[in-house]
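Participant: Before I ask anything, let me first share the structure, which is written out below as structure tokens.
The values are calculated or read from the model by the stated rules, or taken from the named source; none is laboratory data. What you are looking at is a predicted structure, and each value in this text was computed from that prediction instead of being measured. All Cβ positions, even for glycine, are placed from backbone atoms using ideal geometry, and neighbour counts span all protein chains on display.
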Amino acid sequence: MKNITIAAVALGMTATSVFAAAHSPAPMVEAMDQSVENGIVSADMIVAGENGWMVVHRTDETMKPGPVVGYAPLRAGENTDVAAILQEEVAAGDMLMLMVHSEAGGVSTGIFEYTLGAVEDGPIKIDDKLVMKTITAQ
């Protein structure tokens, strides 16, 4: 009887974990073209599977992530009105890629350590696709 009870509890915990994972919102970035005159770029909502960063990369028509021009911390789950202070001039018409990066792989927790192409605090990929949204500065 004891073994049956333990098995039932284990099965229930597994089923609950699978149900929760299946119904968790998928990682994503929701943002629109916006003015950056105030030196800030914002995402309306970001869903992150773990603590990490919204990283603002320069990009262009090739849609490849370029240099980092800003970042902001993210909590695991839904984050609303995420704002990053731009660390260099961004002109109207410039394309920006708002991308979800991990907090993993770095030396220090809570310190953004990524440099282009590095693994520390690197980009999150789902099915080999970056979790990001491209916008145009107005």
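Participant: Tell me whether segment 71-85 contains one or more residues that are touching a His at 6+ places or on another chain (Cβ under 8 Å) and either basic (Lys, Arg) or modelled with pLDDT of 95 or more (or both).
Facilitator: yes
Participant: If you go through segment 108-119 one residue at a time, do you hit one that is within 22 Å of Pro25 (Cβ to Cβ) and out of contact with any Leu (no Cβ under 6 Å at 6 or more places or on another chain)?
Facilitator: No, the conditions are met nowhere in segment 108-119.
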